[in-house]
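First up is the structure itself, then whatever we jot down about it.
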Amino acid sequence: MNTEVLKGGFGNAPVDAAYAFRAAMNAMACPGTVEVLQGAQPPAPVSVAAGTLLLTLCDPDTPLHLAGDFDCEDVRAWVSFHIGAPVVAAEFSMFALGSWEALAPLSRFAIGTPEYPDRSATLIVEQEVLAQEGMALRGPGIKDSVTMSLPETEAFQMNAMLFPLGLDFFFTSGDQVSALPRTTKVEVA
Amino acid sequence: MSDYNFAYLDEQTKRMIRRAILKGLAIPGYQVPFASREMPMPYGWGTGGVQVSAATLTPADTLKVIDQGADDTTNAVSIRKFFEKTAGVATTEETGAASIIQTRHRIPEEDLREDQILVYQVPIPEPLRFLEPSEIETRKMHSLEEYGLMHVKLYEDIAKHGAIATSYAYPVKVEGRYVMDPSPIPKFDNPKMEMAAIQLFGAGREQRIYALPPYCKVVSLDFEDFPFEASKADHACDMCGATDSYLDEVIMDDSGGRMFVCSDTDYCTGRRQAGHIGAQAAAASAALEETAV
């Protein structure tokens, strides 16, 4: 039996998850800020931050989509043991994990309904680095404007136009996380 | 610590609430349905706020609980004790020292910071509920941004009373989209909702969570010729002399005696410690000195 899969979960789930959620919530409430997210040791290619996010937010109630390289035996086994989320196609997912290229096209994901805009997918986008430079962000949670590096501009502008429907994004790299909800207006700085 | 799971709720419940909070922050003012749990206190005692606080607390937090601005009323004391027992967190009565503040029907007078979180207890989260009893209808009205009925209600106030008579739970529009019930805070507090702290709203019986990220645009509904006015009792605090705080009127005796005091007890205490003194407090201490002589 491969015992590697048993490793990498939270050491003290209630406390680790509480700190992780606070970082995730601060990131979502204040787009463009970078928070530290630690606790999980997921198998490659999943980053510490993305693994921690999955442990904090996902469970058997949340269908999960693994995109591209992230849909591999190791990750599936780790998700199955530690989280129990059903791994599904993009169309049926509440959460999705992958690189920006692998997650495209975004039109596959649920954007919610006019009556229930919360029934939309949350995408966890793995990036090489999270840099606070590049696009200018404005909107709720941002005092004036902040800058943040994003994989592209147009997709997020299109997403914001769907408001109150739309997708919400977490960006992860190593043990860092930042977020971009559907309310944020993205412009080329 | 205790034999409870950290902050009472089980982990799967917390994950469900946390997902609702994140969607709430992503769609400011929209009421996210959640599977509210039975709590060891009756509905109406802040079960929604307690569940949101439980899902948000970390062991490093310092919790403050207020009820109508006061730290020392039954509801505030029992919720503070609940989290001391089940989460082992530090508690405080000082607004500035708290990282999470759970509140019933007030926003503290002191400006909140970016590193603070304000959790509201909400009885009826749906601002349109008293105008339209059907959830199916109100949900459709929100989806179509059909808020004419609310303006009719405010207009009828003016037609009947000559002014907008709604003085608490005064409806607001968030980011130009969702009309939201700010919970039964006095309308005096409405302008404070554009703040630096994260605001989370929990309605336990009604099973709804909603949220406002920092610096979110929150506009109180009004008319051009009847603009919104954040009103309070036209008086200074009789204990600390503050003229800028929201006041409670307290009946003192059977012969019409009364006094006005800050509803925010921490604010009032802080001012008195700093040497400010109100009319009745001054009179009382003068009387005391006279008896001593």
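For residue B:220, the residues whose amide H sits under 5 Å from its own are B:173, ignoring neighbours fewer than 5 places away on the same chain, with H placed 1.01 Å from N. Dipole magnitude for the protein assembly as shown: computed about the Cα centre from +1 point charges on Lys and Arg Cβ and -1 point charges on Asp and Glu Cβ, it is near 680 debye. If R0 is taken as 45 Å, the Cβ-Cβ distance between residue B:159 and residue B:252 corresponds to a FRET efficiency of 0.75. Put simply, the amide H of residue A:176, placed in the peptide plane, has neighbours under 5 Å in A:37, A:49, leaving out anything fewer than 5 places away on its chain. In this structure the amide hydrogen of residue A:124, modeled in the peptide plane, comes within under 5 Å of the amide hydrogens of A:96, A:97, A:98, A:170, none closer than 5 places in sequence on its chain. Listed by chain and number, the lysines whose alpha-carbon sits under 20 Å from that of residue B:187, ignoring those within fewer than 8 places in the same chain, are B:153, B:160, B:173, B:217, B:232. For the range B:208-275, which chymotrypsin sites (Phe, Trp or Tyr not before Pro) are in a loop by DSSP, counting at most 15 other Cβ atoms within 10 Å? Here the chymotrypsin sites (Phe, Trp or Tyr not before Pro) that fit, given the DSSP loop and packing criteria, are B:223. The trypsin sites (Lys or Arg not before Pro) of the range A:108-154 that DSSP puts in a loop, and whose beta carbon has at most 16 other beta carbons within 10 Å, are A:119, A:143.
The relative contact order of the range B:190-293, computed from alpha carbon pairs under 8 Å that lie at least 6 residues apart in sequence, is 20 percent.
Quick note: the coordinates plus some simple rules give every number you see, no bench work behind them. On a predicted model such as this, the values are computed, not experimentally measured, just so you know. Counting neighbours? That spans all protein chains shown, and the Cβs are built from the backbone with ideal geometry, glycine included.
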